[in-house]
Amino acid sequence: MKPSLKQGFSIIELIFVIAVLGIIAAVAVPKLMDTRSSAIVSTIKQDISTITTSVQSYYMMNNKIDNISDSVNINESTWTVSSKKVEFKIEDTVCVSISLNDNKLSVDINDNSDSTVCKKLYESGVRDVSYDLY
């Protein structure tokens, strides 16, 4: 009788599998992180549009607006809401500020931030803009 050989993986096969998994991880992890920030950017862009439309509609219906919070019901875990201003902050940096001043609604984007989300907002075409309320 021949002695039976153990069935298993050789060290070369294990090293090859570990190297392939490392390459896959090196490609997949940055894509996963990029997907998360892209989703946040998409949400913030939609929120900006919702806020500006809501404020403009409220002003048209009432011919005045005293507080942004009168016209907008926005997620306060994402946005900081005060009477005349709504801000989106990430990592204690204000990325987006929407303010109400003298019948004008201003959207200001901080494109000088080190935050990936702030930079992506700017790169996606979101710019400083001011709307007259009439």
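Rule-based calculations on the coordinates, nothing more; no lab input. For clarity, every value in this text was computed on a predicted model and none was experimentally measured. We place every Cβ from the backbone using ideal geometry, glycine too, and count neighbours over all the protein chains shown.
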Worksheet item: Pairs of lysine in region 11-132 with Cα under 23 Å and at least 8 positions apart or on different chains: total?
Response: 19
Practice prompt. Between Ile23, Ile48, Ile11, find the one with the highest GNM mean-square fluctuation for the chain; connect C-alpha pairs within less than 10 Å.
Written response: Ile11
Worksheet item: Tell me, what is the percent relative contact order of the chain, built from C-alpha pairs under 8 Å that lie six or more residues apart?
Response: 17
Worksheet item: What is the distance, in nm, between label points placed 7 Å from the Cα along the Cα-to-Cβ direction at Asn67 and at Met33?
Response: 4.0
Discussion item. What is the angle, in °, between the Cα long axis of helix 11-62 and the longest principal axis of the Cα atoms in the chain? Nearest 10 is fine, range 0 to 90.
Written reply: 10
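Tell me, in nm to one decimal, what length is gained between Ile18 and Ser106 on full extension, where the rule is 0.36 nm per residue of separation less the Cα-Cα distance?
Between Ile18 and Ser106, full extension yields 26.4 nm more.
Given 0.36 nm per residue, what is the gain on full extension from Thr53 to Tyr134 after removing their alpha carbon distance, in nm? Working shown, then result.
Values: separation 81, 0.36 × 81 = 29.16 nm, distance 1.29 nm.
Taking Thr53 through Tyr134 to full extension adds about 27.9 nm, to one decimal.
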Practice prompt. May I ask you to order 56-66, 96-106, 24-34 by the average number of other C-beta atoms within 10 Å around their residues, highest value first?
Written response: 96-106, 56-66, 24-34
